[in-house]
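Read the structure below first, then the notes.
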Amino acid sequence: MAGHRAGRVAHAVVSFAVAVALLAGCDGSSGTSQSLPESSPSPRKSGSSAVAPKSTSPGDEATTDSTPGTASSPPRAATSWGPTAAEWSAARKAAARLSDRELAGQVIVARYTGTAPPEDLVSRYHLGGVIVMGENVESVRQITRSNAALQQAAGSGRRWPLVVAVDQEGGIVARVGAPMTAFPSFMSQGAAAERRLARDVAAASGQELRAAGFTMVFAPVADVTVGSTDPTIGSRSAGGRPGLVADMVAAASTGYASSGIVSVLKHFPGHGSLTADSHETLPVQPLGLSRLRQRDFVPFQAAVEARAPAVMLGHISLTRVDPGVPADLSRPVVDLMSSELGFEGLAVTDSLHMAGVTNSYGARQAPVAALRAGVDMLLMPADTGMAHRAILDALHQGSLPRVRLRNAAAKVIALMMHQDRAAPTPRRAIGSHGPLSRRLSVAAATVVQGPCTGPYVGRAVSPNGDPRVVRAFTKAARRAGLQVGSGDTVALLGYGASARDADVVVSLDTPYVLADATADAKIALFGSGRPAMEALVDILTGRADPGGRLPVAVPGVKAPRC
């Protein structure tokens, strides 16, 4: 899963962009096409490659889901999602040897509390893995040791690693902090619009995560944002144009693969066009498939053609496909990933303790419903023990076919076997990519108002904003020889900030706040870590030229064409 696929990926992205342009009748951006009434999934579009048929090799019948067209159907001998033929065969055999209790646990990736490695939780329920959240991280050294202890404890009973997963998208979604390199949000990639840079940043982030003992990352975000009315995805999206997002997502997916970490695209069928937050409710997508094909599906298709190994489905109701049912619990929606995208890899739920699922499904019902729908991995069940018991009960009662559970477990095992083949990443990789992060911030920085190049300030500056960000900016400014505390005022507007008046106003997350700010110069930066602040100082002093373009529309703002 390394750099030898780059040429194939570029060809796939270009081919798909052409297909989208023909379908949409435009350049792939969200246009004025009207959605057509549709009540059920349709076959894949003319011109796209056919979905690979199931293998009919001897012995497959014992471990194959008999329902056609699901994302969980076993792929051909040479998988389109990462594992080799030998790994896929070994994984299916390993799953067939697991006990019922082991099968039920292998498909669960659980949340845990505290900073100690949850060895007892993993062994008690035979878990496939755990996800690390902010509350589990005291320091990079601590979480690295914790992850290593988990793998050592689990290694005695299995021939594949645990899933040790993390949300580390960059920007405001980064569970592991310094000395891990702070990368700006994924929207910075859309602003920079450089495929190689997107690939290199993902590879660097993957290397650092692997050095800390992680085997899976929930990134990149493949959602196309609709802009300021999107309350959930925001700067986590590369932008508002499907073709642009597709390019960045495919490049990032390739970069993660080259680093040896399993990346998980999210959130199919697309969360960025919704104005409700699935953490709080079940968002409803009223559009039909023809419209979704032109916008929301485009980045997922590009990444699948770039051999993406896994896709997370969101808690999103598609009213034209399966009304009222979250996508990750809906068989018709899971089937779309096969029929529409040709995806054969690992299908993953979003967190099962979010309100988008728990409001209508209990801790027992949701895990079983997801597995029956064709999803392979259950993320963060509301109650791990209850989820494990519910799967066992459904298995023994016959409402969950054993072949379905075995196939799901085999997908998890195969990816972990494949991940385990990657060369180890040395600890010194952690925190070693500051210059790359700084380069991305310069390439992404976008002038929204004012001259296209600096200097934008004199020899003295007075920053204001979040104290943490101000401290980072102050250090960078003083290292650059600036006097801090007087002079030109620089407003640093982070996530959730309100517009401010200053000589220079800088947005550090989404750029929408710049519309209401008053300043001679307005700059969108998309990050607030140390490398981003160093890049900002370089830009303000004229030592570096901002290279980005707005990847989203900002109401009331027409940025200069720098």
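Charged side chains reduced to their Cβ positions (Lys and Arg at +1, Asp and Glu at -1) give region 258-392 a dipole of some 140 debye around its Cα centre. Counting only protein heavy atoms and a 1.4 Å probe, region 423-529 has 44 square angstrom of accessible area per residue. For region 124-165, trypsin sites (Lys or Arg not before Pro) meeting the loop criterion (DSSP other than H, G, I, E, B) and having at most 14 other Cβ atoms within 10 Å: ARG159. Dipole size of region 500-562 about its Cα centre, with +1 on Lys/Arg Cβ and -1 on Asp/Glu Cβ: approximately 220 debye, rounded to the nearest 20. Note on log10 I(q)/I(0) by the Debye sum over Cα atoms at q = 0.05, 0.08, 0.10 Å⁻¹: of the candidates [x] -0.22, -0.56, -0.88; [y] -0.24, -0.62, -0.99; [z] -0.20, -0.50, -0.79, the value calculated from this structure sits at [z]. Dipole magnitude for region 196-264: computed about the Cα centre from +1 point charges on Lys and Arg Cβ and -1 point charges on Asp and Glu Cβ, it is near 100 debye. Taking other residues whose beta carbon is less than 15 angstrom from the beta carbon of GLU280, and scoring Lys, Arg as +1 and Asp, Glu as -1, yields -3. Charge tally for LEU440 (other residues, Cβ to Cβ under 14 Å; Lys, Arg +1; Asp, Glu -1): +1. Ligands, DNA and RNA are left out, and with a 1.4 angstrom probe the accessible area of region 268-323 is 23 Å² per residue. For ARG111, the residues 5 or more places off, or on other chains, whose built amide H falls under 5 Å of its own are ILE131, MET380. If you count Lys pairs in the chain whose Cα atoms are under 17 Å apart, skipping same-chain pairs closer than 8 places in sequence, the total is 4. For region 431-472, the gyration tensor built on C-alpha atoms gives an oblate shape. Its axis ratio a/c (a ≥ b ≥ c) is at least 1.5, and a/b is not larger than b/c. To the nearest ten degrees, helix 242-259 and the longest principal axis of the Cα atoms of the chain are 70 degrees apart. Round to the nearest 0.05 the FRET efficiency obtained for ALA149 and ARG468 when R0 = 25 Å and r is the Cβ-Cβ distance. So the FRET efficiency works out to roughly 0.20. Looking at the chain alone, DSSP beta bridges between its own residues are antiparallel in about 15 percent of cases. A DSSP coil position with no more than 15 other Cβ atoms inside 10 Å describes none of the trypsin sites (Lys or Arg not before Pro) in region 182-258. How many percent of the accessible area of the chain is carbon or sulfur, using a 1.4 Å probe? That fraction is 51 percent. For the chain, the longest principal axis of the C-alpha atoms and the axis of helix 6-24 are separated by about 90°. The residues of region 158-248 expose, per residue, 25 Å² of accessible area to a 1.4 Å probe.
Phi angles of region 538-545 translate, via the Karplus equation with coefficients 6.51, -1.76, 1.60 and θ = phi - 60°, into HN-Hα couplings of 4, 5, 5, 8, x, 7, 9, 9 Hz per residue; Gly and Pro are given as x.
Rounded is the label for region 430-562, because the ratio a/c of its alpha-carbon gyration tensor axes (a ≥ b ≥ c) stays below 1.5. Scalar couplings 3J(HN,Hα) for region 362-372, obtained by applying the Karplus form with A = 6.51, B = -1.76, C = 1.60 to θ = phi - 60°, are x, 5, 8, 6, 4, x, 5, 4, 5, 5, 5 Hz; x denotes Gly and Pro. For trypsin sites (Lys or Arg not before Pro), the sites in region 439-537 that DSSP calls loop and that have at most 16 other Cβ atoms within 10 Å are ARG459. Placing unit charges on the Cβ atoms of the charged side chains and taking the dipole of the chain about its Cα centre, the candidate lying farthest along the positive direction among ALA515, ALA203, SER278 is ALA203. Over all other residues within a Cβ to Cβ distance under 13 Å of SER99, the charged ones net out to +3, with Lys and Arg as +1 and Asp and Glu as -1.
The values are calculated or read from the model by the stated rules, or taken from the named source; none is laboratory data. Since the model is a prediction, treat every value here as computed from it, not as a measurement. As a convention, Cβ positions derive from the backbone with ideal geometry for all residues, glycine included, and neighbour counts pool all protein chains shown. Note: areas computed on protein heavy atoms with side chains; ligands, DNA, RNA excluded. Shrake-Rupley method; radii C 1.70, N 1.55, O 1.52, S 1.80 Å.
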